[in-house]
Amino acid sequence: MGSVPAWARAYVAGVALLALACLAPLPHLDVPWEIVALLALLYAGCERLTLRLRPHGTGAPGDTAHGTGTFLPVLLAGAFLLPPPAVALVALPGALLAPVEQRPRGPRRVWRAAQLAVAVWAASRVFGVLGGRDALDTPDFPYALVPAGAAVLTFCAALTVLDGGILALAERAPVRGAWHGLFARSLAPVAVHGLAGLMMAVLWRSPYGPVSALLVLLPMYVSCWVFAQYHRERAAHQATIRALVQAVDIKDGYTRGHSERVGRASVMIARELGMHDERVEVLRFAGILHDVGKLGVPTRLLRKDGPLTPEERRVIELHPEYGHEMVRGIGFLGEARSAILHHHERLDGSGYPYGLAGPQIPEFARVVAVADAFDAMTSTRSYRRARPVRAALDELGRCAGTQFDPRMVAALVRALDRHGWHPAVTADTAPAGVTGMPPAHPSDTVGRGAP
């Protein structure tokens with residue numbers, strides 16, 4: 001929402017009006033104002049603590065839906081204790097007064113407050129309709145889990161619908177994909193917060209009163225702290241990788257953007273192979289950093305347009321070993337280090353740096369080799385035009401079994417059939433009048449084992 005489009009402003013205004021409509025019945029209700037005030041104050045305080053824990057710069061329009069941008073147990077406890085209009089009011093002070101890092105701050109605050117008010121209103125409404133409040137006060141408390149679960153699902157669904165709209169209008173996400181995955185990513189964290197909120201509500205109604213309910217917040221706050229530490233560590237990892245990739249892109253301008261695309265293609269292959277998410281993430285790092293060793297290669301060789309001499313080729317073929325030395329001490333890369341070292345090995349044993357063959361080549365290296373070659377062929381460079389995707393896949397198929405692992409090639413073909421591929425131009429300029437395929441450049445890899 002850096003510069004908010006007119007349609008997005010209208011959407012935010014519409015959701016804000018909807019939130020006001022949720023609050024409209026308040027004057028006509030018998031509301032326990034002392035509970036409303038206490039929960040609102042508690043939620044505002046928890047919000048400030050949570051935002052302080054969150055790593056700088058991680059806020060995004062969909063953070064609330066993902067369960068990482070706000071502290072929900074207090075809000076959901078209010079949904080279980082209060083009438084819908086009252087709990088919608090509880091959400092407003094914390095959301096409106098919380099600091100906002102990104103501009104424009106005003107629309108972001110209004111949006112955050114309005115979406116939370118609407119979502120928690122809907123959750124409270126469903127909880128009440130299903131008899132949840134009566135269940136809290138009876139010996140049949142376990143039955144309160146059913147309306148509480150329905151309320152959590154409603155809360156997630158409302159946030160998903162609203163967040164998808166703002167992503168489509170303010171962030172210009174594709175309409176068909178704006179809502180994709182939002183509900184699934186939000187459900188688990190919101191369900192945990194909902195369970196804590198239900199515990200708060202039960203204790204609140206118990207003879208021990210609100211003080212006992214506050215004890216639930218301590219373990220939740222500790223979990224938020226642990227979660228924040230994890231994200232800080234992850235942000236540091238991302239910053240390390242980003243700095244290395246930027247250094248390679250500056251040094252080798254011909255392949256700018258190549259590293260990120262190899263990472264993306266590697267992830268596509270990994271998902272087709274059914275790898276676990278943790279390995280997929282490490283493989284993405286491997287794809288992004290596979291050429292980091294080029295920082296140790298003279299720039300004149302990387303940018304040479306003509307054929308390489310045998311001596312120059314031997315110098316460039318050292319870049320996997322340079323890269324491995326550079327990242328050897330970065331513990332979180334794990335298996336990615338072996339991919340950086342061996343992504344130019346060939347199945348027939350004629351690759352480099354060690355001439356490994358067949359299953360001797362690490363799995364990650366075999367994945368990155370296919371992703372690297374595919375992007376090299378389908379990217380437009382200053383010295384030649386890109387090949388069509390189908391032609392590149394045909395070439396990979398021709399080299400499968402000798403240079404590439406046929407299993408990895410087949411996985412890439414399936415992934416592209418399902419998701420497609422949209423390569424970007426990687427050179428600053430493309431010379432006019434280029435037709436056909438000019439002579440091979442040292443950065444092209446297919447069929448030659450070249451760097």
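The values are calculated or read from the model by the stated rules, or taken from the named source; none is laboratory data. Keep in mind it's a predicted model, so treat the numbers as computed, not measured. We place every Cβ from the backbone using ideal geometry, glycine too, and count neighbours over all the protein chains shown. These area figures cover heavy atoms from the full protein model, side chains too; ligands, DNA and RNA do not enter into them. Shrake-Rupley method; radii C 1.70, N 1.55, O 1.52, S 1.80 Å.
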Inset, instruction - Would you point out which residue out of PRO73, PRO61 is touching a Leu at 6+ places or on another chain (Cβ under 8 Å), farther than 16 Å from VAL129 by Cβ and modelled with pLDDT of 60 or more? - result: PRO73
Inset, instruction - Kindly establish whether LEU217 is open to solvent by less than 40 Å² (accessible area, probe 1.4 Å) and at pLDDT 80 or above. - result: no
Inset, instruction - State which residue pairs qualify: first residue more than 22 Å from LEU42 (Cβ to Cβ) and inside the stretch 87-113, second residue open to solvent by 70 Å² or more (accessible area, probe 1.4 Å) in any location, beta carbons under 7 Å apart, and separation of 6 or more residues or different chains. - result: PRO107/ARG9; ARG108/GLN102
Legend entry - Residue within the stretch 148-160 that is modelled with pLDDT under 90 and polar (S, T, N, Q) present: no
Inset, instruction - Within the stretch 170-186, identify whether any single residue is among the β-branched types (Val, Ile, Thr) and either open to solvent by less than 30 Å² (accessible area, probe 1.4 Å) or touching a residue at least 24 places away in the same chain (Cβ under 8 Å) (or both), and answer yes or no. - result: no
Legend entry - Enumerated helices (runs of 4 or more DSSP H) restricted to the stretch 266-377, each holding at least 2 residues that are closer than 19 Å to VAL413 by Cα and open to solvent by less than 50 Å² (accessible area, probe 1.4 Å): 277-289
Legend entry - Enumeration of residues in the stretch 249-306 that are of a type in the set (Lys, Arg) and more than 19 Å from the chain's Cα centre (by Cα): LYS251, ARG256, LYS294, ARG300, ARG303, LYS304
Inset, instruction - Check ILE316 against each of (1) free of Cβ contacts under 8 Å to residues at least 60 places away in the same chain; (2) in contact with a Leu (Cβ under 7 Å, 6 or more places away or on another chain) and name the one condition it does not meet. - result: (1)
Inset, instruction - Considering each residue of the stretch 390-407, count those that are open to solvent by less than 50 Å² (accessible area, probe 1.4 Å) and part of a helix (DSSP H, G or I), and give that number. - result: 7
Legend entry - Tabulated pairs, the stretch 408-422, first in a loop (DSSP other than H, G, I, E, B), second open to solvent by 20 Å² or more (accessible area, probe 1.4 Å) and of a type outside the set (Lys, Arg), C-beta under 9 angstrom, 6+ apart or interchain: GLY420/VAL389; TRP421/MET268; TRP421/VAL389
Inset, instruction - Within the stretch 232-249, identify whether any single residue is under 30 Å from ALA77 (Cα atoms), in contact (Cβ under 8 Å) with a residue 24 or more places away in the chain and either aromatic (Phe, Trp, Tyr) or not in a loop (DSSP other than H, G, I, E, B) (or both), and answer yes or no. - result: yes
Legend entry - Number of positions in the stretch 16-28 that are open to solvent by 70 Å² or more (accessible area, probe 1.4 Å) and either part of a loop (DSSP other than H, G, I, E, B) or touching a helix residue (DSSP H, G or I) at 6+ places or on another chain (Cβ under 8 Å) (or both): 1
Inset, instruction - Quickly run through the stretch 328-341 and pick out the residues that are in contact (Cβ under 8 Å) with a residue 40 or more places away in the chain, closer than 25 Å to PHE404 by Cβ and among the hydrophobic types (A, V, I, L, M, F, W, C). - result: LEU333, ALA336, ALA339, ILE340
Inset, instruction - Return yes when LEU130 is open to solvent by 70 Å² or more (accessible area, probe 1.4 Å) and at pLDDT 90 or above and no when it is not. - result: yes
